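Quick notes on the structure that follows.
The values are calculated or read from the model by the stated rules, or taken from the named source; none is laboratory data. Since the model is a prediction, treat every value here as computed from it, not as a measurement. When we count neighbours, we look across all protein chains shown, and the Cβ atoms used for this are built from the backbone with ideal geometry, even at glycine. Protein only, heavy atoms only, side chains kept; ligands, DNA and RNA dropped before computing areas. Shrake-Rupley method; radii C 1.70, N 1.55, O 1.52, S 1.80 Å.
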Amino acid sequence: MKAKSMNKTFAAMLAAAMVLSAAGCGDASAPAADSEPAQDSAADETAPAADDAVSESDDGAGTESADASGGGLSGSFSFFHFHEDDGAGTSKAFWNAANKFMEENPDVNIEFVFTDSNNYQEKLTTLMAGDELPDVWLSKGDMLPTFADAGVIQAADQYISADSEWAGAYVDGAFADCTYDGTQWGVPFQMQANCIGVYNEAIFEECGIDGWPETWTELLEDCEKIKAAGYTPIAMGNKDQWLAESAVFNTYAYKYIDQAWFDSLANNEGAKFTDEAFVRALAGFQDVAQYFNEDMNSIDQDEMFALYYNKQAAMFFDGAWSVGTMIDNCPEDVLSSTHVGLMPAVEGESGTKYDTAAGAGWNYLISSGLEGDDLTACLAFLKTVTTGEYADDALQQGFISAGKAANADTSTLNPLFAEYYELAATMNNCSIFDCVLPAEIGSGVLYADTQQLIAGTMTPEDMAADCQSTLEANY
């Protein structure tokens, strides 16, 4: 993303962000953050650190990441996150790595502050408003301009590049969603597809469908057969607004436009939301909404999963985090019949079935005020919870890390995740709209207008014009 000309004050940017969170971004983490069903724990739970010892920071900048496994580290920092203590996928791999780090570094004091993924972004904007940001927090890429332009974060790449082992431990493209104005600000922990198809093979067979469709026409024909048999063809849970746009339409749009078009749009270099191809994508997506459940804008992601678990819906589109959710929560008879596929290409359009919105999505950001021993300990911790053994464990837990999994035993992967893992290797990863575009657009007007689009209360042309005017207002 290019730097925008920003004469706004930090307070004004914050106000906009708070409006966005109030507009339905309650589960903004889910599109690319391994969103398991939210737990019933308190939304602002503080976990105890491994040890109460806190050392004084020195006056240095703490520019070396230090060896996290050799002890000798001391320092203190606060860490705001959405990794559930008893979660799966990213959460489990995170805590396995974090607990090992704390055992090996008893003189590092970490104050963990947890907020579940449904409420995380709203809580983050509250902390921003109260000037109470922690030392480390998770943020989507679309919030980078707000934090960077306000000077409240320090770039992570200056520290990662100084540690050759750390710098070489990430997969290609891992930093795409944490780069702003040519600087890599964050530390990524995952690389997930924002859209895959999940389907019940038994229902497909019952409806006379012999496999996952290869073309969009086949998909629509299959939807008609499924609907005639009394099932909901495609489950949708867009109550929180993000799912229809970020996890489904974003990838559908790449059947009509390509990465070069999106880069031109994001960099204000000529492409527009009102371009004919993008309007066609909006029209096509509005048309397929007839096969969603009627209450699509009234139920959330978890309730969408329930439609699938209860055999009321034959399939759904969602991010790769849904694979772990299926493995952990899907009834066994449904899970044994569950498979995954890529979103089919639309005949006559330029995109392929392999073009998929994907990336890190969320990244760890470091406060500009953290320094000395505290910063050194923090960097060692971030290295531990994003690379090395963490990456291997992450793969075993059922998700693809931003770090290279060098020693993972892929023969032991869960069968459903193994299916996704093979699909992921074939994908052409494309930018996630709401992780790259300014928050006013990505998590704002795109979310809200897509909800109206699928409800039939906004035309494709009006949505395109609304998105373009908002984009122009933020450059």
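Pull up the range 80-114, narrow it to residues that are part of a strand (DSSP E or B) and of a type in the set (Val, Ile, Thr), then point me to the one that is most open to solvent (accessible area, probe 1.4 Å). It would help to see each step written out before you state the result.
Pass one, the range 80-114, residues part of a strand (DSSP E or B): 80-81, 108-114.
Restricting the remaining residues to those that are of a type in the set (Val, Ile, Thr) gives 108, 110, 113.
Working: 108: 1, 110: 1, 113: 27 Å².
Per the criteria, the residue is 113.
Which condition breaks for residue 133 when tested against (1) closer than 18 Å to residue 439 by Cβ; (2) open to solvent by 40 Å² or more (accessible area, probe 1.4 Å); (3) outside any loop (DSSP other than H, G, I, E, B)?
Residue 133 satisfies every listed condition except (3).
Out of all the residues in the range 157-197, which are surrounded by 23 or more Cβ atoms within 10 Å (Cβ to Cβ) and of a type in the set (A, V, I, L, M)?
Across the range 157-197, the qualifying residues are 160, 174, 187, 191, 193, 196.
How many of the residues making up the range 288-301 are surrounded by fewer than 18 Cβ atoms within 10 Å (Cβ to Cβ) and of a type in the set (D, E, K, R)?
2
So for the range 262-274 (the condition being within 21 Å of residue 452 (Cα to Cα) and open to solvent by 10 Å² or more (accessible area, probe 1.4 Å)), does at least one residue qualify? Outline the logic, then answer.
Start the filter on the range 262-274 by keeping residues that are within 21 Å of residue 452 (Cα to Cα), which leaves 272-274.
Now drop any that are not open to solvent by 10 Å² or more (accessible area, probe 1.4 Å), which leaves 272, 274.
Yes, the range 262-274 has at least one match.
Which count do you get for residues in the range 241-260 that are in a loop (DSSP other than H, G, I, E, B) and of a type outside the set (D, E, K, R)? Walk me through how you get there before you give the answer.
Step one: filter the range 241-260 for residues in a loop (DSSP other than H, G, I, E, B), giving 241, 254-258.
Of the ones still in play, those that are also of a type outside the set (D, E, K, R) are 241, 254, 256-257.
Residues flagged as in a loop (DSSP other than H, G, I, E, B) and of a type outside the set (D, E, K, R) within the range 241-260 amount to 4.
Against the definition (over 22 Å from residue 227 (Cβ atoms), buried (at least 20 other Cβ atoms within 10 Å of the Cβ) and either modelled with pLDDT of 95 or more or basic (Lys, Arg) (or both)), how does residue 338 come out, yes or no?
Numbers: over 22 Å from residue 227 (Cβ atoms): no; buried (at least 20 other Cβ atoms within 10 Å of the Cβ): yes; either modelled with pLDDT of 95 or more or basic (Lys, Arg) (or both): yes.
It is false that residue 338 is over 22 Å from residue 227 (Cβ atoms), buried (at least 20 other Cβ atoms within 10 Å of the Cβ) and either modelled with pLDDT of 95 or more or basic (Lys, Arg) (or both).
Taking residue 152 and the conditions (1) buried (at least 19 other Cβ atoms within 10 Å of the Cβ); (2) touching a strand residue (DSSP E or B) at 6+ places or on another chain (Cβ under 9 Å), which numbered condition does it fall short on, given that it satisfies the others?
With (1) buried (at least 19 other Cβ atoms within 10 Å of the Cβ); (2) touching a strand residue (DSSP E or B) at 6+ places or on another chain (Cβ under 9 Å) applied to residue 152, the lone miss is (1).
Mind checking which residues of the range 246-289 are closer than 14 Å to residue 353 by Cα and not polar (S, T, N, Q)?
Of everything in the range 246-289, those that are closer than 14 Å to residue 353 by Cα and not polar (S, T, N, Q) turn out to be 248, 249, 252, 253, 254, 255, 256, 257, 258.
Being in a strand (DSSP E or B), touching a Lys or Arg at 6+ places or on another chain (Cβ under 9 Å) and either within 25 Å of residue 81 (Cβ to Cβ) or among the aromatic types (Phe, Trp, Tyr) (or both) is the filter here; which residues of the range 183-231 pass it?
Selection gives 187 alone.
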